[in-house]
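Data block below; observations after.
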Amino acid sequence: MRMPSVKYQIGDTVMGRWPGSSLYYQVKVLSFDAKSQLYTVIYKDGTELELKEQDIKSASGFRSRSRSRSRSPARRRSRSRSPARTTRRSSSRTAAAVAAAAITEGAPSSRKDSKLKDMPEKLTKPVENNSNNRHESQGENDTANKSDAKVEAEPEKNQGRYNLRRRKDDGDAKEAEVKPQQLEEEEARPAAPAAASTTPLDFGGRLGAYFWLLFLPAWVFFLVLQVNLEDPSLANFPPPLPPLDTLFDAQALGVVLLWILFQALLYVLPVGKLSEGMPLRSGERLNYRTNGFFAIVVSGVAVAAAVHLGVNLAYIHSHFLQLAVASLLVSFLLSVYLYVRSRCTAPDQLALGGNSGNVLYDFFKGRELNPRIKNFDLKFFCEMRPGLIGWCVINFAMALAEMQQQGLEAPSHAMILVNLFQLLYVVDGLWNEEAILTTMDLMHDGFGFMLAFGDLVWVPFTYTLQAYYLVSHPNPLGLPALVAIVAIKLLGFYIFRKSNSQKNNFRRNPSDPKLAYLKTIPTATGKSLLVSGWWGVVRHPNYLGDLTMALAWSLPCGFSHLLPWYYMIYFIILLVHRDSRDMSDCRRKYGSAWDEYCRTVRYRIIPGVY
């Protein structure tokens, strides 16, 4: 069977029509779907669209600015008197505005008067440029109006987003007569969206970054010290501080480094699937080795072998604080390396949210989006491996420590539930590791202290708080309580997994026949917003599942102290903040379509409540 010919090739720079308008902007071809006959293109501001062939034009079909100027000597003479002029012209200028622009350019008064006299009324409205530089006469230009691309000037309300400058092409053509009206129309021709270099600051801006850099490590140490007390009531604040010389332990640092190196070795092994990430602003797609499930299986076997050979895994419980300090040191040094290397990174490889120009803010937020050492992706590795798998190993070590301290032959029911629930959560994440490639962390956030600290310190040393608490504070559970807690966990897991799978499948292939039943709201970017299925119930059903599972993790610890409920409280704050970031980003990106989406799906996380 003969394959249909493809007019535009991957990597070609062409002119793509903006949906719902006659505006054409410079785009880069990313891919072509032979089945749907759609080209995936990316604009300079990072927006991706799927366009039909008739919505794409060759860049050579657009007349250059310099060529049109050469056809009007009087205009060229006046322009030369003000070479540095950078005034941007509006597509909907009035005759008075045109006169002011002519004065600015230094045009003679007679020229200005004649221009005002001959000015057509339609210049007060958006205009179109229908000329083509391949035609040698005005008559031929008029003929070309019927078939050539139309480039419409942008409405005033959108001028803050796009720069109005004329495009150039490399085609050679003979000079043709151009009327003043055509020159004015050409002045209004828009250019491609300018690539943004940063986005509004979040996390409290610069001052917030200073605060979080100090607060986050201090909070981890507070939790570790507080939960280790005989009575971990918050009324006993502050917990007694240990001697400074006991905080750092060379052996603990060696254990942390050995664990990270072991996980790095598993990551680089040619085992598992090579998954393709989402398109970047540059148009490229990175490949990721998604063998996380293999890594956790091998890690589990290695830990079991170590225990069988007599390694005392309860060392993790007795040196928990020293291990946390060692991990903090590693995350800080990694963050310094990431920031230094980002200073030599190309602008299109930087994250929009971490390029503010303020050193501490960018250090905290992360400048480079996908830092790699050859094919070793540092962010993806840290996100899914050392901390996440380490979380399960620490929980297992806490179960062994509980047995030793309380003289048990087996862990308590509460400890077993916490271990199994959190192990299921991690294994599910690693089994569906490819889904993380469509998340905010991987797609938008740079890799800096925020993620490095979160991956290597926050996750393994705060998410294990329930298991750490149960070592010294047992909580017996009856059969009804066990059944109820398991039911809550399974419900949360079901909501979490089904909603995440639906979102990931839709993002990767919106035209999948299996998703044809889903209702959507189209947006100006070419993407659609889900308003049915799980995403028609609340805006973040995956957050609802996450919170339900967090409740099941905390219930085995009982209600004697607030500390084991820390994860539940923290997660509510985290998800509400993430929702606000998501709301702001989506409203800026989708405009009125997002407002319609919010009216259709009223609740954010909890149906009928929030």
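In table form, for the structure just shown:
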| quantity | calculated |
| --- | --- |
| Qualifying residue in region 506-527 (condition: at pLDDT 80 or above and within 30 Å of Ile416 (Cα to Cα)) | no |
| Every residue from region 516-571 that is over 24 Å from His473 (Cα atoms), of a type outside the set (S, T, N, Q) and without any contact (Cβ under 8 Å) to a residue 24 or more places away in the chain | Ala516, Tyr517, Leu518, Lys519 |
| Any hit, region 263-274, residues being in a strand (DSSP E or B) and in contact (Cβ under 8 Å) with a residue 12 or more places away in the chain | yes |
| Test: residue in region 535-544 that is at pLDDT 80 or above and surrounded by fewer than 17 Cβ atoms within 10 Å (Cβ to Cβ) | yes |
| Residue that is assigned to a loop (DSSP other than H, G, I, E, B) and of a type in the set (Asp, Glu), where the choices are Asp245, Asp231 | Asp231 |
| Residues (part of a helix (DSSP H, G or I) and either surrounded by fewer than 19 Cβ atoms within 10 Å (Cβ to Cβ) or outside the structural domain of Val307 (by TED's automatic domain parsing) (or both)) located in region 404-428 | Gln404, Gln405, Gln406, His413, Ile416, Leu420, Leu423, Leu424, Val427, Asp428 |
| Helices (runs of 4 or more DSSP H) wholly inside region 288-372 that include at least 2 residues being within 28 Å of the chain's Cα centre (by Cα) and buried (at least 19 other Cβ atoms within 10 Å of the Cβ) | 292-308, 320-342, 359-365 |
| Flag for Ser282 being touching a residue at least 40 places away in the same chain (Cβ under 8 Å) and not in a loop (DSSP other than H, G, I, E, B) | no |
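Residue-wise test of (1) modelled with pLDDT of 85 or more; (2) more than 21 Å from the chain's Cα centre (by Cα).
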position: Leu551; (1), (2): yes, yes
position: Met568; (1), (2): yes, yes
position: His577; (1), (2): no, no
position: Ser584; (1), (2): no, no
position: Arg587; (1), (2): no, no
position: Tyr603; (1), (2): yes, yes
position: Tyr610; (1), (2): no, yes
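Results for (1) over 30 Å from Pro279 (Cα atoms); (2) assigned to a helix (DSSP H, G or I); (3) under 23 Å from the mean Cα position of the chain (by Cα), shown as yes or no for each residue.
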position: Gly446; (1), (2), (3): no, no, yes
position: Leu456; (1), (2), (3): no, yes, yes
position: Ala467; (1), (2), (3): yes, yes, no
position: Asn475; (1), (2), (3): yes, no, no
position: Ile485; (1), (2), (3): yes, yes, no
position: Gly492; (1), (2), (3): yes, yes, no
position: Phe496; (1), (2), (3): no, yes, yes
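The values are calculated or read from the model by the stated rules, or taken from the named source; none is laboratory data. Keep in mind that this is a model prediction, so the values were computed, not measured. Heads up, the Cβs are rebuilt from the backbone with ideal geometry, glycines too, and the neighbour counts pull from every protein chain shown.
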